Amino acid sequence: MTMMTVAKALNLALRQSMEDDAKVLIMGEDVGKLGGVFRITDGLQKDFGEHRVMDTPLAESGIVGTAVGLAMRGYRPVVEIQFDGFVFPGFDQIVSQVAKISFRSQGAWKVPLVIRIPFGGGIGAVEHHSESPESFFCHIAGIRVVACSNPSDAYHLLRQAITSDDPVVFFEPKRRYWEKGEVESASHQGDYFTTRLRRPGTDCTVVTYGPSVAVVLAAADAAAAEGRSLEVLDLRSLSPLDLNPVVESVRRTGHLVVVSEAPRESSITSEVAARVTEEAFYSLQAPVIRVAGYDTPYPPSRLEEEYLPNLDRVLEAVDRSMRY
Amino acid sequence: MPAEQSESAKNVRAAAARGTAGTSALPEPHEVIAGLRATVTAPGLVTILSPEGELLDHPDYPLEVTPELVQGLYRDMVLVRRFDREGNALQRQGQLGLWVPLLGQEGAQIGAGRAMRPLDMAFPSYREHGVAWCRGVDPTDILGMFRGIDHGSWNPRKARFHNYCIVIGNQVLNAVGYAMGQRFDGMVGDEQTAEATICFFGDGATSQGDVHEGMVFGAAFNAPVVYYCQNNQWAISEPVEKQSRVPLYRRAGSYGFPGIRVDGNDVLACLAVTRWALDECRTGNGPVMIEAFTYRMDAHTTSDDPNRYRNSDETEAWKLLDPIERVKAYLARNGLADAAFFDGVQAEADELAARFRQTCIDLPTPEPGRMFSHVFAEPNPQLDAQRAEMDRYLAGFADSGTVTHR
């Protein structure tokens, strides 16, 4: 076990994946000498060369579209989208090609491609640098969507994403890049595309993912101080959802709060609420309550504290559920 | 040779050799009628076999023209046209939901397709039935997607001919990425095993960002890729002047690689130029852009009605430039093929059309479970559960297993 930041854990996962498999390539804007604007690819071009860590022209559709061709050729490209709000020029390629080539070709082609996207707010950034677009991707059949919340998952989820034969959109909580945690990096095995119990509890289930996991864990600490026991689950895999652990938890607690930074409408919080209602209706003692970003464009950063789900909003939602 | 045919052909060549078009230099009225809206400033249209069937030498693109070569290309074009016409008929008779005709573009497609080596890779748009033919894809495998059986029946890896791409221009980036991979794999060089990639798109696609980005990436990574634009003058109802102020092939220069305009109705010129371009790519001098200057003689698809937006005079003028007729004239006039040969090819074409028709009608509707296959390469319990849900629902019917949805 080693203590390291989320950023370092991602870097390590990339490095070890490249060491393990010569077909793994990194592509993106400024990923070479600079090591990416968040330094996730720091030092990799120096060690693996310009042919395996490629600075590309500044065009997201081009990055994703050429990565598709490379994947068809047998490579395993890991592409970096610089910020969440910049992925949209590549969205057409993701929807129309990345997600559909296996289906269209009846399995003749696989597209083992990872699209890394730093996401979420809380860093005081200008417009387009704080968004949570994950729900768009969850609506696309044919791609997997995952989000990490801590260094260990950052490492293991990325290793798994790179070895997966399916395309994976990989969300990284940019405001947690510099938070530290233990990582077991000697080897990677097992399935991490699953819901993970972060904290056991008995009174209310709180489901979340990505940057909000830390918020919810802090809320659980605060709730415990007041004698209320929250069970915290981290989805990790956003599509497909691993919902059984959530349903099982709700059967025990009878209460569910779902937390995400993304705008609330037609979101992962909507999906979790709908499906838990379908599968555990008689166990629910209150409606599923959602704490999410508002259905506004991401606000100027001086207002983001009010926009983002925080400890108080989570506790207030738990209160409402428990009072019901 | 009727006088007006020769005159019209001259007009085409003269226009192609002379003017810019679009809004910067309006074409003359007879050029508008001939559909020659975007034309060249350079004396560049590469022609080897004139519309009258006269063989010309081209100094830059030498081609050893043997009777067997020309006979083979003739056969290819006749067969492809024949099943293409059958596709239209099948749609009209309700056997296909849609057909995308290639009529008029046989020369552009067979020339390019026959220029490829077995190891080369092709990325088509959705009209490349002629290229598919050259890659050994059985024409009946094109039927599935237009009958609603599947989204692509042939094995694109085996044929080295990717599935049809319906989103305009997407395939250009995928092709460039594939070509980058060929280069990374060390497959560029003089050896017989060297590889290149060719991607097909139309004049309308040149407006797409993906085509622009594809050219930027191809240049940045020295990708062994040929951008093969069939300028058939029309993007559904929009003439090429909507897409560009300059002749399309001249865009290549601004990306830093050669662009060549070839007479797209001259199968020999398309073959010679594409062969040259693929060789350039294989030996590390890629990318290359080719604009095959041709004409869409039929509708965009069977759902389209070109009478709403173009004059029949235009189509009539292009009929005189037909890619098959000029080859037939060359073969016949020079005594390189006799009536038995032409009759034989026609009989073979009719047989192919009959098989095409019968296979189409016999195509089985897939089991409903097919829709869950190959969505992912790895197991997906969520999707498995949905499939089980559908199976349970369908099993509830007395005649379970057959679904009537029309």
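Where both residues lie in chain A, what percent of DSSP beta bridges are antiparallel, nearest 5? Walk me through the numbers before you get to the answer.
Working: 10 of 43 bridges.
Around 25 percent of the beta bridges assigned by DSSP in chain A are antiparallel ones.
Please compute the average number of Cβ atoms from other chains found within 10 Å of each residue's Cβ in peptide A:142-149.
Numbers: counts 5, 2, 3, 0, 0, 0, 0, 0.
Averaged over the peptide's residues, the number is 1.
Sequence-distant or interchain residues sharing an amide H contact under 5 Å with B:ASP150, placed H: which?
HN-HN under 5 Å from B:ASP150: B:MET145.
Would you tally the net charge around A:ILE94, using a Cβ to Cβ cut-off of less than 15 Å, leaving A:ILE94 out, and scoring K and R as +1, D and E as -1?
-4
Against the longest alpha carbon principal axis of chain A, how many degrees, from 0 to 90 and to the nearest 10, is the axis of helix A:6-20 turned?
Helix A:6-20 sits at roughly 40 degrees to that axis.
List the DSSP H helices in chain B whose Cα atoms stretch 15 Å or more along the helix axis and whose mean Kyte-Doolittle hydropathy is at least -1.0.
On the way: long enough: B:3-18 (22 Å, -0.84); B:67-92 (38 Å, -0.63); B:170-184 (22 Å, -0.01); B:209-220 (16 Å, 0.44); B:267-282 (22 Å, 0.79); B:323-333 (16 Å, -0.29); B:339-362 (34 Å, -0.02); B:381-395 (21 Å, -0.97).
Helices meeting the criterion: B:3-18, B:67-92, B:170-184, B:209-220, B:267-282, B:323-333, B:339-362, B:381-395.
Once the convex hull of the C-alpha atoms of segment A:176-307 is built, how many Å³ does it hold per residue, rounded to a whole number?
Considering the Cα atoms of segment A:176-307, their hull volume per residue is 138 Å³.
Compute the distance from the alpha-carbon center of segment B:303-381 to that of segment B:217-285, in whole Å.
24
Answer with one residue from A:THR202, A:LEU12, B:PRO364: the one whose Cα lies farthest towards the positive end of the charge dipole of the protein assembly as shown, charges on Cβ with Lys, Arg +1 and Asp, Glu -1.
A:THR202
Decide, for chain A, between rounded, prolate and oblate: order the square roots of the alpha carbon gyration tensor eigenvalues as a ≥ b ≥ c, take rounded if a/c falls under 1.5, and otherwise choose prolate if a/b is larger than b/c, else oblate. Don't jump to the answer; show the numbers that get you there.
Details: a/c = 1.76, a/b = 1.64, b/c = 1.07.
Prolate, because a/c is 1.5 or more and a/b exceeds b/c.
Quick one: order A:LEU197, A:LEU233 by neighbouring beta-carbon count within 10 Å, fewest to most.
Details: A:LEU197 12, A:LEU233 28.
Least crowded to most crowded, the residues run A:LEU197, A:LEU233.
Roughly how many nanometres apart are two label points built 7 Å out from the Cα toward the Cβ at A:TRP178 and B:GLU68?
Inter-label distance under the simple model: 7.2 nm.
Do any GluC sites (Glu not before Pro) in segment A:253-324 lie in a loop, going by DSSP, with at most 15 other beta-carbon atoms within 10 Å of their beta carbon, and if so which? Present the calculation step by step, with values, prior to reporting the outcome.
Details: sites: A:GLU261, A:GLU265, A:GLU271, A:GLU278, A:GLU279, A:GLU304, A:GLU305, A:GLU306, A:GLU316; in loops: A:GLU265.
Sites meeting the loop and neighbour criteria: A:GLU265.
If a/c stays under 1.5 just call it rounded; otherwise compare a/b with b/c (prolate if a/b is bigger, oblate if not). Do that for segment A:6-82, with a ≥ b ≥ c from the square roots of the Cα gyration tensor eigenvalues. Walk me through the numbers before you get to the answer.
Details: a/c = 1.73, a/b = 1.17, b/c = 1.48.
It comes out oblate by the Cα gyration axes.
Considering only the other residues whose Cβ falls under 12 Å of the Cβ of B:LEU173, what net charge follows from Lys and Arg at +1 and Asp and Glu at -1? Numbers along the way, then the final one.
Numbers: positive: none; negative: A:GLU60, A:ASP92, B:ASP210, B:GLU213.
So the environment of B:LEU173 carries a net charge of -4.
Considering chain B as a Gaussian network with a 10 Å cut-off on Cα pairs, which listed residue, B:VAL345, B:VAL273, B:VAL172, attains the greatest mean-square fluctuation?
B:VAL345
Could you check which residue among B:LEU394, B:LEU73, B:LEU363 shows the biggest mean-square fluctuation in a GNM of chain B with a 10 Å Cα cutoff?
B:LEU394
Give the residue list of GluC sites (Glu not before Pro) in segment B:83-192 that are DSSP loop and have at most 11 other beta-carbon atoms within 10 angstrom. Walk me through the intermediate numbers first.
Working: sites: B:GLU86, B:GLU106, B:GLU128, B:GLU191; in loops: B:GLU128, B:GLU191.
Passing sites in segment B:83-192 are B:GLU191.
Rounded to the nearest 20 Debye, what is the dipole magnitude of chain A about its Cα centre when Lys and Arg each give +1 and Asp and Glu each give -1 at the C-beta?
Working: 33 positive and 43 negative charges, 106 e Å.
It comes to approximately 520 debye.
Among B:HIS300, B:LEU278, B:PHE342, pick out the residue whose Cα is farthest towards the positive end of the charge dipole of segment B:274-353, where Lys and Arg carry +1 and Asp and Glu carry -1 on C-beta, about the Cα centre.
Comparing the listed Cα positions along the dipole, B:LEU278 ranks first.
So the label point goes 7 Å from the Cα of B:ARG310 along Cα→C-beta, right? Which residues of segment B:195-215 then have their backbone N under 15 Å from it?
Only B:202-205 pass the distance filter.
With unit charges on the beta carbons (Lys and Arg positive, Asp and Glu negative) and the dipole taken about the Cα centre of the protein assembly as shown, which residue among B:ILE236, B:PRO118, A:GLY90 sits farthest to the positive side?
A:GLY90
Just to confirm the number: angle between the C-alpha axis of helix A:212-225 and the first principal axis of chain A, 0 to 90 degrees, nearest 10?
Tilt relative to chain A: about 30 degrees.
Once the other residues with Cβ under 11 Å from the Cβ of B:SER373 are scored (Lys, Arg +1; Asp, Glu -1), what is the net sum? The partial results should precede the final answer.
Values: positive: B:ARG370, B:ARG387; negative: B:ASP150, B:GLU367.
That sum, taken over residues with Cβ under 11 Å, equals 0.
With contacts defined as alpha carbon pairs under 8 Å and 6 or more residues apart, what's the relative contact order of chain B in percent?
Values: 746 pairs, mean separation 92.0, N = 406.
Taking the mean separation of contacting Cα pairs over the length of chain B, I get 23 percent.
With everything on Cα atoms, drop me the angle between helix A:60-72 and the longest principal axis of chain A, reported from 0 to 90° to the nearest 10.
Its long axis makes an angle of about 70 degrees.
Under the rule of at least 5 residues apart or a separate chain, name every residue whose amide H is placed under 5 Å from the amide H of B:TRP234.
Here B:ARG296 satisfy the definition.
Apply the Karplus curve 6.51 cos²θ - 1.76 cosθ + 1.60, θ = phi - 60°, to the phi angles in segment A:231-238 and return the couplings in whole Hz, x for Gly and Pro.
9, 10, 10, 10, 5, 6, 8, 8
Amide H to amide H under 5 Å from B:THR302: which residues, 5+ apart in sequence or cross-chain, H placed 1.01 Å off N in plane?
Answer set, sorted by chain and number: B:TRP99.
Can you give me the Cα centroid spacing of segment A:64-126 and segment B:106-138 in angstrom?
28
Throughout, read-outs are computed from the coordinates displayed, never taken from laboratory work. If you're wondering where the values come from, they're calculated on a predicted model, not measured in any experiment. Positions of Cβ are generated from backbone atoms using ideal geometry, with glycine treated the same way; all protein chains shown enter the neighbour counts.
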